[in-house]
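Here the structure comes first, spelled out in structure tokens, and everything after it is commentary.
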Amino acid sequence: MSLTDALSPISENFSLKDHIYGVLREAILKMNIYQPGVDLRLDERKLAEQLAVSRTPIREALARLAQEGLVVILPRKGVFVQRKSRDEILEMVVTWAALESMAARMATQAASDADFRQLRRFAVKHSADAERAELEEYSDANIRFHQRILELSGCKLLKTTADTLFAHMHAVRRRAMGEGNRASRSVVDHMEIIEALERRDADRASRLVREHTMRLHDHVRRTWTRFEGINQSTADSL
């Protein structure tokens, strides 16, 4: 097969600025922004050079990302990936716990037995990543597990509301998963949650999901003490 055989026409709806936005958004979501010493500054010129485009679509994409809260644009300082403060993270975790707890309760009524069997297979498949300490892979799978519970609720608004937290929670869970024994504990929690869902025990499923997420809350509150969110004062020191 030649290269031309593998190519297909570009959609007339293709938008360079949308493409650049998507590329930058995905790259930001993959960053481990809560690791100590991480470089949060985004250089508009370097981004344009790396992507071989002009700075205009880069600038437009960064403005959209700022509206989402993924970056912050500081006059005369530059553009930075947005890192939440510890207090903001704790509030997000509490909100996530409430949303997913309700989703688990609703899933016991809305989801099918086949849905739960699929969820179990997914959890078992990826539990090996935690055992082998392939934490980045397991972290991504862990997030998909929780998103799936929200989907199984059958409530689109509940899922959509939770998705607004996803971008920020992704980085939080990624760092926390590698601390202490949280990965192995997460595997145990997931299996208990699945058992409650399969039994259609709404009270237990709801409680287990809430307790599982609130353990993340307690971990962050107890151990994440040496970082700040990005704002004007912290940018001055970067």
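Remarks
- Total residues in the range 199-211, condition open to solvent by less than 70 Å² (accessible area, probe 1.4 Å), out of contact with any Leu (no Cβ under 6 Å at 6 or more places or on another chain) and closer than 16 Å to R120 by Cβ: 3
- Condition met for R215 (open to solvent by 30 Å² or more (accessible area, probe 1.4 Å), among the basic types (K, R) and modelled with pLDDT under 85): no
- Within the range 98-123, the set of residues being crowded, with 18+ Cβ neighbours inside 10 Å and small (G, A, S) comprises S101, A103, A104, A107, A111, A123.
- Close pairs from the range 52-68: first within 15 Å of G78 (Cα to Cα) and in a helix (DSSP H, G or I), partner open to solvent by 80 Å² or more (accessible area, probe 1.4 Å) and at pLDDT 90 or above, Cβ under 6 Å, at least 6 apart: A66/I73
- Looking only at the range 173-193, and only at residues there that are open to solvent by 50 Å² or more (accessible area, probe 1.4 Å) and of a type in the set (D, E, K, R), the one that is farthest from the chain's Cα centre (by Cα): E192
- Residues located in the range 57-73, provided they are open to solvent by 20 Å² or more (accessible area, probe 1.4 Å) and either farther than 14 Å from L24 by Cβ or modelled with pLDDT of 90 or more (or both): R59, E60, A63, R64, A66, Q67, V72, I73
- Condition met for M92 (modelled with pLDDT of 90 or more, under 30 Å from T223 (Cα atoms) and either part of a helix (DSSP H, G or I) or open to solvent by 30 Å² or more (accessible area, probe 1.4 Å) (or both)): yes
- Residues (assigned to a helix (DSSP H, G or I) and free of Cβ contacts under 8 Å to residues at least 24 places away in the same chain) located in the range 20-51: G22, E26, A27, R45, K46, L47, A48, E49, Q50
- Contacts under 9 angstrom Cβ, first residue in the range 195-212 being under 14 Å from A110 (Cα atoms) and among the basic types (K, R), partner open to solvent by 60 Å² or more (accessible area, probe 1.4 Å) and at pLDDT 95 or above, 6 or more apart: R200/Q109
- Restricted to the range 135-168, and to residues there that are free of Cβ contacts under 8 Å to residues at least 60 places away in the same chain, part of a helix (DSSP H, G or I) and hydroxyl-bearing (S, T, Y), the residue that is nearest to V220 (Cα to Cα) is S139.
The values are calculated or read from the model by the stated rules, or taken from the named source; none is laboratory data. From a predicted model like this one, the values you see are computed outputs, not experimental measurements. Glycine also receives a Cβ, built like all others from the backbone with ideal geometry; neighbour counts cover every protein chain displayed. Accessible surface areas use protein heavy atoms only, side chains included; no ligands, DNA or RNA. Shrake-Rupley method; radii C 1.70, N 1.55, O 1.52, S 1.80 Å.
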